[in-house]
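A quick write-up on the structure given underneath.
The values are calculated or read from the model by the stated rules, or taken from the named source; none is laboratory data. Being a predicted model, the structure only gives us computed values, none of them experimental. Note: ideal-geometry Cβ built from the backbone for every residue, glycine included; neighbour counts use all protein chains shown.
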């Protein structure tokens, strides 16, 4: 691969040095190569050289004018052909191959423009020499302006044009043109070194900015994921993994609004673990927590109504929202929950507690009716109180209870 740094003296003269190849993105490198192969500057130079040749011909130096114009035209044609080759390159072509092609194109440019300018300057009149110097200066400045990409080839082009014109001037009797050319070249060489240094610092700064921007995007994504996780945890009960009171309140309001809007029934179950304080006092709070976790899983597995929500309401109380479910269906589901909980074997807990029971209150909002969360909660709580009052381990709804089954062995 071409070298990515051009700060050293030897690298600055290396015609294959591509500044920042290892720092710039592929898009930036491709843009630079397209600019390097651009034919527009050479069209302008050819026009200027044509005017100089015309001036030489009008001054009587026809052979020199024809030779100078022909050399310039040959160089322009070859340059155009190499650009066509660059444009039609294989997409799999490496940057090394492309840069070699540019070195060839730029070498042809340096040879043809320097020979054409030197010939026209040596054989031309004063007016022709003025035109040649103007065209050569424009060519040199153009090469210097694009030297931040490939400074080695730019220096070779500049040296070739300045050197040949200076030698032609010295040979034609202008002894001051040679030292002036040396001074001019040394000035441009220092300028190119500064341009290349600035280019590398710019690319390094852009690379650092891209890296920091990527890090910011990554941190933002991590922060988004963390916020989503935190938001999810804010609506989850940490002990049972069920929805918490906050989530229940939100879903209850939403469910009642949807029930009213769609003309569907909605039911609410309020579940309380029987004698749970005594359970905690007897077997300890750790066993109590494990008991609540087991009961939470039983309730969640029993409720299969689409869109339903099982939540821990607080302490040993659970609530279940049953959308599109009337009172009769809700009582059936409540009874299934009661029986499923009663079947849980607690032998795996410390102290091997007896099977646990729950009391359940059912409240329903019939299709077409309008109830608030407070009304539904009050009705379910009243039904639960009735279940507790009439013996526990039972389901009650609006003052009507379902008798418990035969007592199971503990």
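What to note about this one:
- Consider segment 298-326 and keep the residues that are over 24 Å from residue 378 (Cβ atoms) and free of Cβ contacts under 8 Å to residues at least 40 places away in the same chain. The one that is surrounded by the fewest Cβ atoms within 10 Å (Cβ to Cβ) is 306.
- Residue match in segment 170-177 (condition: surrounded by 13 or more Cβ atoms within 10 Å (Cβ to Cβ), free of Cβ contacts under 8 Å to residues at least 60 places away in the same chain and touching a strand residue (DSSP E or B) at 6+ places or on another chain (Cβ under 8 Å)): no
- Spans of helices (runs of 4 or more DSSP H) in segment 1-65 with at least 1 residues at pLDDT below 80: 9-13, 26-36
- Given (1) in contact with a helix residue (DSSP H, G or I) (Cβ under 7 Å, 6 or more places away or on another chain); (2) more than 24 Å from residue 277 (Cα to Cα); (3) modelled with pLDDT of 95 or more, number of the condition residue 373 does not satisfy: (3)
- Residue satisfying all of: in segment 380-396; surrounded by fewer than 22 Cβ atoms within 10 Å (Cβ to Cβ) and assigned to a helix (DSSP H, G or I); nearest to the chain's Cα centre (by Cα) among these: 381
- Taken over segment 327-354, the residue count meeting the criterion of being in contact with a helix residue (DSSP H, G or I) (Cβ under 6 Å, 6 or more places away or on another chain) and either surrounded by 19 or more Cβ atoms within 10 Å (Cβ to Cβ) or touching a residue at least 40 places away in the same chain (Cβ under 8 Å) (or both) is 8.
- A single member of 103, 77, 135 is assigned by TED's automatic domain parsing to the domain that holds residue 13, under 30 Å from residue 187 (Cβ atoms) and either surrounded by fewer than 18 Cβ atoms within 10 Å (Cβ to Cβ) or touching a strand residue (DSSP E or B) at 6+ places or on another chain (Cβ under 8 Å) (or both), and it is 103.
- Scanning segment 28-50 for residues that are surrounded by 15 or more Cβ atoms within 10 Å (Cβ to Cβ) and either touching a residue at least 60 places away in the same chain (Cβ under 8 Å) or in contact with a strand residue (DSSP E or B) (Cβ under 7 Å, 6 or more places away or on another chain) (or both) returns 29, 32, 33, 36, 37, 41, 42, 45, 48, 49.
- Looking only at residues of segment 397-410 that are surrounded by fewer than 18 Cβ atoms within 10 Å (Cβ to Cβ) and under 26 Å from residue 352 (Cβ atoms), we find that the one that is modelled with the lowest pLDDT is 410.
- Within the span defined as segment 322-333, one or more residues are part of a strand (DSSP E or B) and either in contact with a strand residue (DSSP E or B) (Cβ under 6 Å, 6 or more places away or on another chain) or at pLDDT 95 or above (or both).
- One residue alone among 223, 256, 242 is touching a strand residue (DSSP E or B) at 6+ places or on another chain (Cβ under 6 Å) and over 30 Å from residue 158 (Cβ atoms), and that residue is 242.
- Condition met for residue 89 (assigned by TED's automatic domain parsing to the domain that holds residue 140, free of Cβ contacts under 8 Å to residues at least 24 places away in the same chain and not in a helix (DSSP H, G or I)): yes
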